[in-house]
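Data block below; observations after.
The values are calculated or read from the model by the stated rules, or taken from the named source; none is laboratory data. Because the structure is a prediction, the values reported are computed rather than measured. When we count neighbours, we look across all protein chains shown, and the Cβ atoms used for this are built from the backbone with ideal geometry, even at glycine. Side chains are part of the model used for accessible areas, which takes the heavy atoms of the whole protein and leaves out ligands, DNA and RNA. Shrake-Rupley method; radii C 1.70, N 1.55, O 1.52, S 1.80 Å.
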Amino acid sequence: MRRKSNMYLQTVIKDLLNHGDVKQTRGNYKDGTPASTISITQHFEKYRVNAGQSVIHNYRNTAVKTAIQEMFWIYQDQTSNLPMARERGVNWWEEWEVDNSDTIGLAYGETVKVYNLLDNLLKGMEEDPFSRRHILSLWQQNHINFQLSCKGLVPCAYETLWTITENYEVDLTLIQRSSDFLMANPINKVQYHAFGLAVCGHLSAMTGKKHTLRNFAHFVQDLHIYDRHVDALKEIQGRIKKSENTYYREQTLELPVCKNFYDYTVDDFVITRIHSDKLESPLEIVI
């Protein structure tokens, strides 16, 4: 079977370098220089998880465990509290602290808690599994307005849609308004793949019917790299060309235990670790 993540990786690189639109952004590099992006729009990927297709490519390191811990920070802890993120080893939110509050404002986990989004989703999937209304959206306008007023970050990966088949196979779609291809995109794929596995494990434990994650789909409206990341993208492209005739195993993610969603820990996941060389090209953060 062709490895989906590396296939998509090659396509995205070609599209960004050959057909991407150059745009100015609201962000700056740490040295104060304004950043611009190269973007493609309406990008869609679909993985048959239950057929062994991996969402994690192996041409650079991906912080798999930290990605899962961030997912738990959002959906278990249900907070935007930065000290709690640090306790989980998640440190990449520091630059988006709102008004010296030790939080990122009314976003992500805080929105999940205030609107009881996760419990409502799980209850609906347990009681009415075949409904076409299983949606969890972090785009709650009151919170969006607050974030805009204080120049806080609004959700990038903001919505999931879920379908359960008569065989209790689960299809998960992640919708994302904006995605930094080299920095955040691999993390988002990992954490929502893990989220899907944990929801399936929860449903299996609560209903007594075995639920399995069948498909994971990812739609991004604006997929981009920053202008100072072009060298890194070309470095990955070079690695792919060198390995065209080589079989590459990819990292896989499994969750063999079924339990209440809130009882899962990162150690419940089984991760096949594949060595990936670090990029030599720098990846500067845009704030």
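Both radii were evaluated on the Cα set of the stretch 94-217; the Rg over Rh quotient, with Rh as the Kirkwood radius, amounts to 1.01. The alpha carbons of the stretch 44-150 stretch over 46, 39, 26 Å along the principal axes, in descending order. Here the stretch 1-100 is treated as an ellipsoid with the same Cα gyration tensor; its semi-axes, largest first and in whole Å, are 28, 24, 11.
The H on the amide N of G27, modeled in the peptide plane, is under 5 Å from the matching H of A35, each at least 5 residues off or on a different chain. What FRET efficiency do you get for I285 and R132 if R0 is 45 Å and r is their Cβ-Cβ distance, rounded to the nearest 0.05? Efficiency, from the Cβ-Cβ distance: 0.70. Put a plus charge on the Cβ of each Lys and Arg, a minus charge on the Cβ of each Asp and Glu, and nothing anywhere else: the dipole of the chain about its Cα centre is then about 940 debye. Take every pair of alpha-carbon atoms less than 8 Å apart whose residues are at least six positions apart; their mean separation over the length of the chain yields a relative contact order of 25 percent. Counting protein heavy atoms only, the chain has 46 percent of its accessible area on carbon and sulfur, 1.4 angstrom probe. The simple Förster model, with R0 at 35 Å and r as the Cβ-Cβ distance, assigns R86 and T11 a FRET efficiency of 0.45. Given +1 at the Cβ of Lys and Arg, -1 at the Cβ of Asp and Glu and no other charges, the dipole of the stretch 99-245 around its Cα centre is 340 debye to the nearest 20.
Across the stretch 1-149, C-alpha contacts under 8 Å between residues 6 or more apart give a mean separation that, scaled by the residue count, equals a relative contact order of 16 percent. Hey, with R₀ at 30 Å, roughly what FRET efficiency would N61 and N260 work out to, going by the Cβ-Cβ distance, to 0.05? Approximately 0.40, to the nearest 0.05. Extending 7 Å from Cα along the Cβ direction at V114 and again at D21 yields two label points whose distance is 3.1 nm.
Suppose we look only past 22 Å in the calculated P(r) of the stretch 151-222. What percent of the Cα-Cα pairs does that tail hold? Tail of P(r) above 22 Å: 29 percent of Cα pairs. When both the stretch 32-106 and the stretch 190-268 are represented by their alpha-carbon centers, they are found 12 Å apart. Ranking I56, M71, A85 by how far each Cα lies toward the positive end of the dipole of the stretch 1-106 (charges on Cβ) leaves I56 at the top. Note that the chain carries a Kirkwood radius of 19.8 Å, evaluated over its alpha carbons pair by pair. A convex hull fitted around the alpha carbon atoms of the stretch 107-151 yields 61 Å³ per residue.
Between N167, V154, V112, the Cα set farthest toward the positive side of the dipole of the chain (charges on each charged residue's Cβ, about the Cα centre) is that of N167. Take every pair of alpha-carbon atoms less than 8 Å apart whose residues are at least six positions apart; their mean separation over the length of the stretch 98-161 yields a relative contact order of 42 percent.
Any chance you could run the full-extension gain for K242 through D277? It's 0.36 nm times the residue separation minus the Cα-Cα distance, nm to one decimal.
11.2 nm
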